[in-house]
Amino acid sequence: MPVFGPIPACTDRSHRRRQIGAVVALIGAGALVGSLLAPSASGAPTSVTSADAVTGTTVGCGKAPTLTSGTRTITSGGQSRSYILDIPSNYDRNHPYRLIFGLHWYNGSAAEVAGGNWGYFGQKTASNGSAILVAPQGLDAGWANTNGRDLTLIDDLVKLIENDLCVDTSQLFSMGFSYGGAMTYALACERPTVFRGVVVFSGGNLSGCKGGTQPVAYFGVHGIRDGVVNVSNGRSLRDQFVRNNGCTQQNPPEPAQGSLRHIVTAYSGCKAGYPVWWGAFDGDHTASPVDGENGYDGARTWTGAEAWKFISQLGSTTTPTPTPTPTTTPTTTPTTTPTPTPTPTTSPAATCSVTAAVNAWNNGLTENLTITNRGSSPINGWKLTFTLPSGQTITAGWNASYSPSSGTVTATNVGHNDTLAPGASTTVGFQATHTGNSDAASSFSLNGTACS
């Protein structure tokens, strides 16, 4: 992902390269909205919030989908708009999915967000089939949001996707870089009951912020040497949600210039379910910095894993529909008290397979584990045991609880994935540090039975 040029005034695009000094000066002075771009009109379209977006699943659950992955068009605000949709290859119409929007930078494109070695800001790999991904295309190479047109587009896409696919309405997220970060910030301001959380890479207030007083889980990532959108703008956006989310005010640590490292700080005291994180790095205007280097590389950056760690900690507030099971098999998760015999009596011996997908960088990695029930009977309550390579230590996880953090580890199901029907799969994962060996975990067994 390149370091992108400044955002010119929308009235004169032919001289954008000669406007760098003026634009950066305006940004540094905080004169973002109105000086650079037309702000969102006060008559912006009505939000799709309401009771439908508070908790629950969508009307698309249980339906045979008509939408397919690929580049598509939608009529929004009287205009034909394009977007790229990525539906998991193993899509289950009865399973509510996360919905993640990825918004491109100025002069970028939906195709660049969706493609390359860092699809959807790293979330294509990190989600490993557990999320529906969307990359809309902005107009005039960006997200000016003139008269609220881009908010209308996002509203229309949310409605379209939720009407056709199975979405957990408490698990909508947006992330974007530069101009896309500005539009993501606008969504946090104006659609706080639609979007569960946002990740803003090197963004500023460029697309408007009507409202902006309600809490939203917020992760800001910014380079302290950003020559396009000065880091002071990122701090200002962050501080707005520090206040909204009731977090304890602080000056989070930032790396020294020349250190070529990053520091991620999680604020304390925030309202339950509304964290604020700040990721500062010693670098310029990019969303894919690499520690120890002045360059950028989507395949080796730390930001994608941190973004996934941030959104995956935000659990669903939707109560899943219970899966019918034989009356002789309890549907509750087994207690932590060991059973007196080595084989669990609550479910048959598991015939299983596990596939591992690792995304590693300098001294860290994320790993997704897909567990499949290859047997003919449902598994009700499971524990997956595996061995981590020497030097790896788990620091965070999702969709399972992990203990201990190194060596031989046991991952235990959580409430929403305790039952695995015959042929069904579930994906869990974790983030870990390593000392040089970033190999995948091995020696998997499920409820005491070795997996292939």
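A few remarks follow.
- Picking from residues in the stretch 182-215 that are surrounded by fewer than 24 Cβ atoms within 10 Å (Cβ to Cβ) and β-branched (Val, Ile, Thr), the one that is farthest from GLY102 (Cα to Cα) is THR213.
- Subset of the stretch 39-78 (residues that are surrounded by 13 or more Cβ atoms within 10 Å (Cβ to Cβ), modelled with pLDDT of 50 or more and outside any loop (DSSP other than H, G, I, E, B)): THR57, THR71, ARG72, ILE74, SER76
- Residues of the stretch 364-394 that are closer than 24 Å to GLY122 by Cα, of a type in the set (S, T, N, Q) and out of contact with any Gly (no Cβ under 8 Å at 6 or more places or on another chain): GLN392, THR393.
- Qualifying positions in the stretch 151-200 - part of a strand (DSSP E or B) and either free of Cβ contacts under 8 Å to residues at least 24 places away in the same chain or out of contact with any Ser or Thr (no Cβ under 8 Å at 6 or more places or on another chain) (or both): LEU172, PHE173, GLY197
- Just one of the listed residues (ALA280, ALA256) is crowded, with 21+ Cβ neighbours inside 10 Å and of a type in the set (A, V, I, L, M), and it is ALA280.
- Criterion: among the small types (Gly, Ala, Ser), over 22 Å from ALA305 (Cα atoms) and over 20 Å from the mean Cα position of the chain (by Cα) - qualifying residue of SER259, SER268, SER232: SER232
- Inside the stretch 410-432, residues that are in a strand (DSSP E or B) and crowded, with 16+ Cβ neighbours inside 10 Å make up a count of 13.
- Selection from the stretch 109-148 of residues that are of a type in the set (D, E, K, R) and under 30 Å from VAL358 (Cα atoms): GLU112, LYS124
- Considering residues of the stretch 388-409 that are part of a strand (DSSP E or B) and among the small types (Gly, Ala, Ser) only, the residue surrounded by the fewest Cβ atoms within 10 Å (Cβ to Cβ): SER403
- When the stretch 169-227 is filtered for residues that are closer than 21 Å to PRO255 by Cβ and of a type in the set (Val, Ile, Thr), the ones remaining, listed by number, are VAL199, VAL200, VAL221, ILE224.
- Within the stretch 347-361, being buried (at least 17 other Cβ atoms within 10 Å of the Cβ) and part of a loop (DSSP other than H, G, I, E, B) holds for SER347, PRO348, ALA350, THR351.
- Among the residues of the stretch 216-253, those identified as of a type in the set (Val, Ile, Thr) and surrounded by 14 or more Cβ atoms within 10 Å (Cβ to Cβ) are VAL216, VAL221, ILE224, VAL228, VAL229, VAL231, VAL242.
- Residue within the stretch 97-114 that is closer than 26 Å to GLY423 by Cα, out of contact with any Leu (no Cβ under 6 Å at 6 or more places or on another chain) and modelled with pLDDT of 95 or more present: yes
The values are calculated or read from the model by the stated rules, or taken from the named source; none is laboratory data. Because the structure is predicted, anything quoted here is derived from the model rather than measured. Every residue, glycine among them, receives a Cβ derived from its backbone with ideal geometry; neighbour counts consider all protein chains shown.
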